[in-house]
C-alpha cells in the first residue's frame, strides 16, 4: 500500500507539472498547434468558472486556476494508476504514467468540448479541431502509458 501511495503522489506531481507546462507553452509560443492543449485547459476552466461563479465571486482567478490544475493533476494521477494497473511490470520510465495521465485529462477535456460545440452550435471547424486534438492526445496517452503498442519496423527486423 505504501508503494501505491508513493506512486500516486509521484504521478500527481508529474501530471500537475505537465499540465502547468502545457499552459506555459500555450502562453509563451506563437506556434498555434502547440497552443491547443493549454488553450483547452483555459477553456475547461472558463466553463467551470461560469458554473460555480456564484460561490467564488470574490476569489482570485489565478488561485482558482492553480487549484483547478491541481485537481486535474489528481485526476491524471488516478488515470495513471489505472494505466499502471493494466501494465504492471512494463519497465516503463517512472515519469511515463504521469505524463500519460496529463495527456489523457487534456484529451478528455478536448473531446468533451468538441461534443459540447457539436450539440450547441452549427460550427463544424471547432468540432473538428478539438475532436481531432482530443483523439490525438488520448492516443498519445495510451502509447506513453504502454497500454497500446505501436510495432516499429526496427523492432521487427531485430526479431529476425
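Looking only at the stretch 92-122, residues that are part of a helix (DSSP H, G or I) and surrounded by fewer than 17 Cβ atoms within 10 Å (Cβ to Cβ) come to 6 in all. Please verify whether the stretch 18-35 includes one or more residues that are modelled with pLDDT under 90 and surrounded by 11 or more Cβ atoms within 10 Å (Cβ to Cβ). The answer is yes; a qualifying residue exists. The criterion of being modelled with pLDDT of 90 or more and surrounded by fewer than 14 Cβ atoms within 10 Å (Cβ to Cβ) holds for residue 125.
Taking the stretch 28-46 as the range and being assigned to a helix (DSSP H, G or I), in contact with a helix residue (DSSP H, G or I) (Cβ under 8 Å, 6 or more places away or on another chain) and without any contact (Cβ under 8 Å) to a residue 60 or more places away in the chain as the test, the residues that pass are 34, 35, 38, 39, 42, 45. Hey, any hits in the stretch 52-61 for a residue that's surrounded by 13 or more Cβ atoms within 10 Å (Cβ to Cβ), in a helix (DSSP H, G or I) and modelled with pLDDT under 90? No: zero hits. Taken over the stretch 123-137, the criterion of being assigned to a helix (DSSP H, G or I) and either free of Cβ contacts under 8 Å to residues at least 12 places away in the same chain or more than 19 Å from residue 25 (Cα to Cα) (or both) is satisfied by 125, 126, 127, 128, 131, 132, 135.
The values are calculated or read from the model by the stated rules, or taken from the named source; none is laboratory data. It should be emphasised that the depicted structure is a prediction, and the values quoted were computed from it without experimental measurement. Virtual Cβ from ideal backbone geometry, glycine too; neighbours counted across all protein chains shown.
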